[in-house]
Amino acid sequence: MRPAGIFASNTNLCITKTNAYEKGKLKRTPPLSAARTNKFFNKTKNVHHGQNTNKHFEFFKQFDYKQLKLTKMKKQILILLMAIFAISYSTSAFGQDVLTGEAVCPTVTALAGCGDTDPLHPQYGILYDYTVTVPAPFTDPTFNWFVTTDKQFINPAPTIEDATGDYILTEGIGYNDPSTGLATIEMSWKYWVHDPENPVFLVIYVTGGTTDACQNDNIQVYIIEPRHSFTLDMQSIALDGTASSTGPCAADVTSAEWNYNGGSPIVNMDYGVNYLFFTVIAANFHQTWLPRFDVDLGATYAGSRTVTAVEYTTGDGSSTSTWVPSTYNATNGWVANTAVDVGDNTIGIGGHCIIVRVTVDNDRDPTLAAQTITVSVDGNLAETDGTFDFTNTALADLNQTNCTPQLFDDSADQTIEPRPTINNATPGGAFETKDDL
């Protein structure tokens, strides 16, 4: 039973009778005038869901609306994810320009047949003996071997080089110690560019011993002019960084457009871009070297494929790596715009690795058969003034079998794997002509 005066008789509002109400414990609202009742109603009709209006809430309409919004948002997110996946897949499948795994570097090939018989023109890492004799009447002289670039050997006292510097690899027993020095010392050397005006000296300082009648001294000086043992090794790698001569699949078709072509209809094709990766390891150099590259599409190749870029990085080949471009000229090939620089360090037989990326524009070449591409590397050490001159073969990398410079003798092959061939079965006849080349 509705208490009088609270709601107009023509309303559809209802209130549920609770146990508290039936027992008379519900606090009743005082009667309202008709005017106040209408005003009260106008307000209650405009309140939002969640307020206590004592009005039946149309729950299912609100629920359906929320479900609709949620479904729409899910569809939008799904479409976005599919778009991202499609872009990622199309990039990573065939035309990927970065590596997906850690690049494997080639093994340094040791020099052979270079000989080690010239201690005054040493090669990197080879041990050489240096021996002097002191004739009678001296029977117990002391020997002090040391290396310096100073031109004063006695006064003032020169700066003595050691194995932490740029010249000595191993010092040998008794180096710079007259108490343990012997008539022979065994040493190995790093590589540096010889400067005739400022050479590196190996000095032997001899004094008479305690049992000799005279304890006076003498000195002799060698100039050490190193013969470099700079080498390069190269290998092909797959997109995951592993050593492999099998390269990527031919890139997806970029465009295919039919043209009337003045009555000679043709389908103009663009077969996309492929990226080929290689690793090069350089050994036995100090601070820097400049690479250049040659790319051979094949002696009989007559298609439209071209090489548009050759780059290298000292990074890991990922999207965060900085790639150094090369500039092509007919004389020297693709010459890197910037030299490989390892700072003030000497790289020995362990080597230092770079990653090379070759960009191949397939243009109108459909690559219906595997295409082998050969990439070669050559390099020079810096001149004394820090520049590079590829005509100076005395500073070029050495062939590992005969220790002489040979142009682009370090190379690797990589294939671009073919795309599908489509043959007409039904209804017969010919496809529209494409401008394949």
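The values are calculated or read from the model by the stated rules, or taken from the named source; none is laboratory data. Quantities reported herein were computed from a predicted structural model and do not represent experimental measurements. Note: ideal-geometry Cβ built from the backbone for every residue, glycine included; neighbour counts use all protein chains shown.
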In the stretch 209-241, what residues are assigned to a loop (DSSP other than H, G, I, E, B) and either in the same structural domain as F277 (by TED's automatic domain parsing) or under 41 Å from the mean Cα position of the chain (by Cα) (or both)? E225, P226, R227, H228, S229, F230, A238, L239, D240, G241
Within the stretch 298-352, which residues are in contact with a Ser or Thr (Cβ under 9 Å, 6 or more places away or on another chain) and of a type in the set (A, V, I, L, M, F, W, C)? V307, A309, V310, W323, V324, W334, V335, A336, A339, V340, V342, I349
Collect the residues in the stretch 309-324 that are farther than 19 Å from S411 by Cα and either in contact with a Gly (Cβ under 9 Å, 6 or more places away or on another chain) or part of a strand (DSSP E or B) (or both), keeping them in residue-number order. D316, G317, S321, T322, W323, V324
Quick check on the stretch 146-161. Is at least one of its residues in contact with a Phe, Trp or Tyr (Cβ under 6 Å, 6 or more places away or on another chain), assigned to a loop (DSSP other than H, G, I, E, B) and without any contact (Cβ under 8 Å) to a residue 40 or more places away in the chain? yes
Here are the criteria: (1) out of contact with any strand residue (DSSP E or B) (no Cβ under 9 Å at 6 or more places or on another chain); (2) within 21 Å of T279 (Cβ to Cβ). Tell me which single one G379 does not satisfy. (1)
Only one residue in R292, R305 is touching a Leu at 6+ places or on another chain (Cβ under 8 Å), modelled with pLDDT of 95 or more and among the basic types (K, R), so which one is that? R305
Tell me, which residue of the stretch 166-192 that is over 19 Å from P119 (Cβ atoms) and not charged (D, E, K, R) is surrounded by the fewest Cβ atoms within 10 Å (Cβ to Cβ)? S179
Of the residues that make up the stretch 130-137, is at least one aliphatic (A, V, I, L, M) and touching a strand residue (DSSP E or B) at 6+ places or on another chain (Cβ under 9 Å)? yes
Of the residues in the stretch 270-295, how many are farther than 18 Å from P418 by Cα and touching a strand residue (DSSP E or B) at 6+ places or on another chain (Cβ under 6 Å)? 17
Condition met for E186 (in a loop (DSSP other than H, G, I, E, B) and either among the aromatic types (F, W, Y) or free of Cβ contacts under 8 Å to residues at least 60 places away in the same chain (or both)): no
Any residue at all in the stretch 338-350 that's within 27 Å of V253 (Cβ to Cβ) and either of a type outside the set (A, V, I, L, M) or not assigned by TED's automatic domain parsing to the domain that holds N392 (or both)? no
